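Q: Take a look at this one; I'll ask things after.
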Amino acid sequence: MLNPVEGEIFYVDKPLRWTSFDVVKRIRGVLSRKTGIKKLKVGHAGTLDPLATGVMTVVTGRATKRIEELQAHTKEYVAEIKLGATTPSFDLETEIDAEYQWQHIGKDRIEEVLKSFVGVIKQVPPAYSACKIDGKRAYKMARKGKEVNIKAKELVIDEIELLAAELPIITIRIVCSKGTYIRALARDIGVALDSGAHLVGLRRTRVGNVRVEDCEQVDALIGWLENEEFVLPEETSDRNI
């Protein structure tokens, strides 16, 4: 039986165009209703952008104390990057703001450039991100047209592999540390190729040892939770946890 108060960990395949909060809200809704705890703690370990899909870790109750630990796990992504154009958000959230030549770029050059990103690198997060500047979310400032200056952060790229090159679109696999913005990596790859680039597709395929094939679809998980039995300590049944 499930014990959402002591803590449960769920791995879901986040749907396209859902925010990470949308997933948490759905799961919290069914758990709160079944336990009678209006403010049951439910959180996630690692945000995925609305235009990304894949492995998302959802934790409940006292297991939320493990969020930092779970966030630290190595992550794997498969990304589709379009060369020859940039957007302010480095993905499809915003419209193209500049176009560049890409015809000079070949597969050999792409593979050479990708190697230069393996190891410890410094990356400037996107202005359209949840990074805080003077206590304010960067994306909120960016959407209002305000200038956003974010300092570079150190991170680790363990592996980058070119899976396909159907130019101007390339597909790559990345294994990286927490805090890596694949959108920013797309931007930097475009610059390194003497062009521009932005992310057009992203799927988180692994977190630690959990692969996307091991994850539940949100609706299937909700249906399963609806039919499961719960363990709930009597002394906590009327409290917010």
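The values are calculated or read from the model by the stated rules, or taken from the named source; none is laboratory data. Just so it is clear, the structure is predicted and the values come from calculations on it, not from any experiment. All Cβ positions, even for glycine, are placed from backbone atoms using ideal geometry, and neighbour counts span all protein chains on display.
Q: Just give me the residues in region 71-129 being small (Gly, Ala, Ser) and either surrounded by 15 or more Cβ atoms within 10 Å (Cβ to Cβ) or in a helix (DSSP H, G or I) (or both), in sequence order.
A: Matches in region 71-129: Ala79, Gly84, Ala85, Ser89, Ala127, Ser129.
Q: Only helices (runs of 4 or more DSSP H) wholly contained in region 137-241 count here; list those with 1 or more residues that are farther than 23 Å from Ser89 by Cβ and among the aliphatic types (A, V, I, L, M).
A: 218-227
Q: Within region 57-68, identify whether any single residue is in contact (Cβ under 8 Å) with a residue 40 or more places away in the chain, within 19 Å of Ile174 (Cβ to Cβ) and touching a helix residue (DSSP H, G or I) at 6+ places or on another chain (Cβ under 9 Å), and answer yes or no.
A: Yes, that holds for at least one residue.
Q: Which of the residues belonging to region 148-179 are at pLDDT below 95 and among the polar types (S, T, N, Q)?
A: Asn149
Q: Taking region 160-179, which residues are in contact (Cβ under 8 Å) with a residue 60 or more places away in the chain and surrounded by fewer than 21 Cβ atoms within 10 Å (Cβ to Cβ)?
A: The answer is Leu163, Leu167, Pro168, Ile169, Thr171, Arg173, Val175, Ser177, Lys178.
Q: Filter region 8-20 for residues that are in contact with a strand residue (DSSP E or B) (Cβ under 6 Å, 6 or more places away or on another chain) and either outside the structural domain of Val59 (by TED's automatic domain parsing) or closer than 22 Å to Glu68 by Cβ (or both) and give the result.
A: Passing the criteria: Glu8, Ile9, Phe10, Tyr11, Val12, Lys14, Ser20.
Q: Out of everything in region 21-42 that is in contact with a strand residue (DSSP E or B) (Cβ under 8 Å, 6 or more places away or on another chain) and buried (at least 19 other Cβ atoms within 10 Å of the Cβ), what residue ends up being modelled with the lowest pLDDT?
A: Among those residues, the one meeting the criterion is Thr35.
Q: Out of the residues in region 70-100 meeting the condition of being charged (D, E, K, R) and touching a residue at least 24 places away in the same chain (Cβ under 8 Å), tell me which one is farthest from Ile110 (Cα to Cα).
A: Applying the filter and picking the extreme gives Glu93.
Q: Also: Condition first: basic (Lys, Arg), closer than 24 Å to Ala184 by Cα and modelled with pLDDT of 95 or more. Can you find one or more residues in region 54-72 that meet it?
A: Step one: of region 54-72, the residues basic (Lys, Arg) are 62, 65-66.
Then drop every residue that is not closer than 24 Å to Ala184 by Cα, which leaves none.
No, the conditions are met nowhere in region 54-72.
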